[in-house]
Amino acid sequence: MMDVGTLIREALEDLYQVYFDVNPNNDETYFVYRLDTEGDLYADDGPLMEETDVTLHLFTPITFDPTNLIRQVKRRLHKAGFSWPSSMSLSGGPGYARQASMPDVPDHRHIVFLCNHIDFIAGD
């Protein structure tokens, strides 16, 4: 079974660079993802599955129209086994990015995708 980060990178890396947690480079357009996990469906004092909540951030130049890219990202993540992602724009100016615990990136659009992935771990 592939880990969730690998699934994300394989689904999106041919579009733009994909980073976990922070972008160490100065790319103009890129993805950054964060993961939160939680066990679920407990039996015999252990979880039978683990749910991973994914927050995927897309940063593009402010002059770029991301409409088609947003559709493409949603389809690719869903095809890779994630729930259908919701998306929202945090490109409302200074302060919006802080609400999502991400740094403000001047002159960039900031689109956030939320989805999850479930791994059945019974017998691991």
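Points to keep in mind about this one:
- Within segment 18-34, the set of residues being surrounded by 15 or more Cβ atoms within 10 Å (Cβ to Cβ) and either more than 22 Å from ASP65 (Cβ to Cβ) or free of Cβ contacts under 8 Å to residues at least 24 places away in the same chain (or both) comprises VAL18, TYR19, TYR33, ARG34.
- Hey, ASP14 loosely packed, with under 14 Cβ neighbours inside 10 Å and assigned to a strand (DSSP E or B) or not: no
- Across segment 80-102, the qualifying residues are those that are within 21 Å of PHE20 (Cβ to Cβ) and touching a helix residue (DSSP H, G or I) at 6+ places or on another chain (Cβ under 7 Å), and the one among them that is modelled with the lowest pLDDT is LEU90.
- The residues on offer are THR37, THR55, and the sole one that is in contact with a strand residue (DSSP E or B) (Cβ under 9 Å, 6 or more places away or on another chain), in a strand (DSSP E or B) and more than 19 Å from VAL18 (Cα to Cα) is THR37.
- Residues that are closer than 27 Å to GLY39 by Cβ, surrounded by 19 or more Cβ atoms within 10 Å (Cβ to Cβ) and of a type outside the set (A, V, I, L, M, F, W, C), drawn from segment 53-88: HIS57, PRO85
- Yes/no for ILE111 being at pLDDT 80 or above and surrounded by 17 or more Cβ atoms within 10 Å (Cβ to Cβ): yes
- Candidates in segment 47-91 are the residues that are more than 16 Å from the chain's Cα centre (by Cα) and of a type in the set (S, T, N, Q); of these, the one that is farthest from LEU15 (Cα to Cα) is SER91.
The values are calculated or read from the model by the stated rules, or taken from the named source; none is laboratory data. Because the structure is predicted, anything quoted here is derived from the model rather than measured. As a convention, Cβ positions derive from the backbone with ideal geometry for all residues, glycine included, and neighbour counts pool all protein chains shown.
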